[in-house]
Every structure is written in structure tokens, then in C-alpha cells.
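Working notes, beginning with the structure itself.
Where a number appears in this text, it was derived from the coordinates with a stated rule and is not lab data. A quick note: this is a predicted structure, and the numbers were derived from the prediction, not measured. A quick note on method: Cβ atoms are made from the backbone with ideal geometry, for glycine too, and the neighbour counts reach across all protein chains shown.
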Amino acid sequence: MIEDWMASDDRVGELEVRHFFSGAAVYRDGTMVASLTPVGLAFKVPTEARGTMLEGEEAVPLRYFPNAPIKRDYVLFPEPEIEPARAARLLIGERPTA
């Protein structure tokens with residue numbers, strides 16, 4: 001999945017995957033930009049994109065555990081399958097097309 005993201009857009013650059021709770025975290029230039037956990041696939045997105053995505057029901061707020069606080073910088077896609085080009089746009093801080 002990560003290799004597909006990097007191959008779909010040269011601007012993504014190198015990604016590093018590390019163990020994260022019971023899943024994996026994806027880092028770009030030393031900053032966590034995505035995580036795959038039992039609740040789904042989450043991406044760190046700019047504020048304006050996050051609001052639009054949540055309002056349009058493209059994604060939901062991220063909570064790692066049922067009573068945990070919302071991780072405000074991230075949006076969650078409950079289904080971990082996402083088109084590589086769409087993921088790449090999220091990783092470089094652009095709002096993805098549906």
C-alpha cells in the first residue's frame with residue numbers, strides 16, 4: 001500500500017512505516033502523516049480540508065479508542081482501502097478528489 005502511494009505521485013517522496021499501537025504509523029520527513037489501526041486508516045490533513053471532508057461525510061473524526069479524545073489534525077477512513085492517488089494527495093496536504 002505504501003509503495004503504491006509513493007509511486008502514484010513523485011511529490012510524496014519517501015515514507016517510513018513504524019509500529020504504532022496495534023497497527024502502523026506512516027512518517028514523511030520525520031512527521032507522522034498517516035496511521036493504520038483497528039479503527040481504520042487515518043491521515044493528517046490541513047484544517048480547511050479536514051472541515052470540508054468531515055462535513056461532506058468523506059471521512060469521520062479520528063478516535064483511537066471509544067472514549068478517547070478526537071485527534072483533531074486527522075480524519076479517519078473506516079475502510080483501509082483507498083486509491084493510491086487519493087492517498088498521495090492527502091500525504092502532500094492537498095484535498096483529494098472523491
* For the chain: span of alpha carbons on each principal axis (Å, largest first) -> 37, 29, 22
* Asked: Near THR37, within a Cβ-to-Cβ distance under 14 Å, what is the net charge of the other residues, with Lys and Arg +1 and Asp and Glu -1?
  -> +3
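For PHE20 and GLU48 in one chain, what is 0.36 nm times their gap in residues minus the Cα-Cα distance, to one decimal in nm?
Values: separation 28, 0.36 × 28 = 10.08 nm, distance 2.66 nm.
Computed gain between PHE20 and GLU48 is 7.4 nm.
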